[in-house]
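The values are calculated or read from the model by the stated rules, or taken from the named source; none is laboratory data. The model shown is predicted, which means the values in this text are computed figures rather than measured ones. For neighbour counting, all protein chains shown are included, and Cβ atoms are generated from backbone atoms with ideal geometry for every residue, glycine included.
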Amino acid sequence: MSLIVASRFTMFNDAEAAMDKLHNNGFVDEDVSLFYVNPGGQHAGGQHARFPVGGDRFTDPQSRWASLGAGAGAAAGALVGVIVAIVLSLLFLRSLLVLAVAAGVGAYVGTLAGALWQTRGGGRGRRPDIGHDPGGTPAARESGVLVAVHVSPGTQQQAAQVLGAAGGQQIERANGRWQHGHWSDFDPTHTVEPLQR
């Protein structure tokens, strides 16, 4: 296994500038690699696709509570539908059919509204596709351009400093297979091990 230091950049230009800085600090082409990491759940290519239809997750993390929201919405919607049907029945028609249809429509609309309400979550607080440990630091890998450097124990801090000075985010260390100038066994679903600098 090889020792690898990597950092994420949001723009390819920034990542390429970081690679130039690594070369200026003595790291050779064979020890520096750049590649793009898709957002979580979209790792559909090759060895990272864990499911026959593609992707690296069985379910979307935001859909976790959708069934509870749908159930609560169905109950609330049916109740509202029955109340509306009773009012309509008293005012216009005296029919059980109106009551049943209104309850059914209310339950259906409530199911949709409840499920959507539970899956909304985007933009509030922590991103749902990134796990967090109890200390609040990111545990899963964010998408972006990753610059990986094959290092030795003596050069890992130097590589981390160069990546950090170049604007790299989420600087990590890993043990992996480095072959032909690339991190060959890179798995985007593995949690990030932050490098202590």
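Just a few scattered comments:
- For segment 148-192, a residue qualifies if it is in a loop (DSSP other than H, G, I, E, B), within 16 Å of residue 25 (Cα to Cα) and of a type in the set (A, V, I, L, M, F, W, C), and exactly one does: 166.
- Scanning segment 99-111 for residues that are surrounded by fewer than 16 Cβ atoms within 10 Å (Cβ to Cβ) and touching a residue at least 40 places away in the same chain (Cβ under 8 Å) returns no hits.
- Any hit, segment 99-116, residues being aromatic (Phe, Trp, Tyr), out of contact with any Leu (no Cβ under 6 Å at 6 or more places or on another chain) and at pLDDT below 75: no
- Yes/no for residue 22 being modelled with pLDDT of 60 or more, in a strand (DSSP E or B) and in contact with a strand residue (DSSP E or B) (Cβ under 7 Å, 6 or more places away or on another chain): no
- Where residue 73 falls short, out of the listed (1) modelled with pLDDT under 75; (2) in contact with a Ser or Thr (Cβ under 8 Å, 6 or more places away or on another chain); (3) not acidic (Asp, Glu): (1)
- Counted residues, segment 1-35 - those being within 9 Å of residue 147 (Cα to Cα) and not polar (S, T, N, Q): 11
- Hey, residue 43 surrounded by 15 or more Cβ atoms within 10 Å (Cβ to Cβ) and at pLDDT below 65 or not: yes
A quick yes/no check of all residues on (1) under 13 Å from residue 22 (Cβ atoms); (2) crowded, with 19+ Cβ neighbours inside 10 Å; (3) not acidic (Asp, Glu):
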residue: 150; (1), (2), (3): yes, yes, yes
residue: 154; (1), (2), (3): no, no, yes
residue: 157; (1), (2), (3): no, no, yes
residue: 165; (1), (2), (3): yes, no, yes
residue: 168; (1), (2), (3): yes, yes, yes
residue: 178; (1), (2), (3): no, yes, yes
residue: 182; (1), (2), (3): no, no, yes
residue: 186; (1), (2), (3): no, yes, yes
residue: 191; (1), (2), (3): no, no, yes
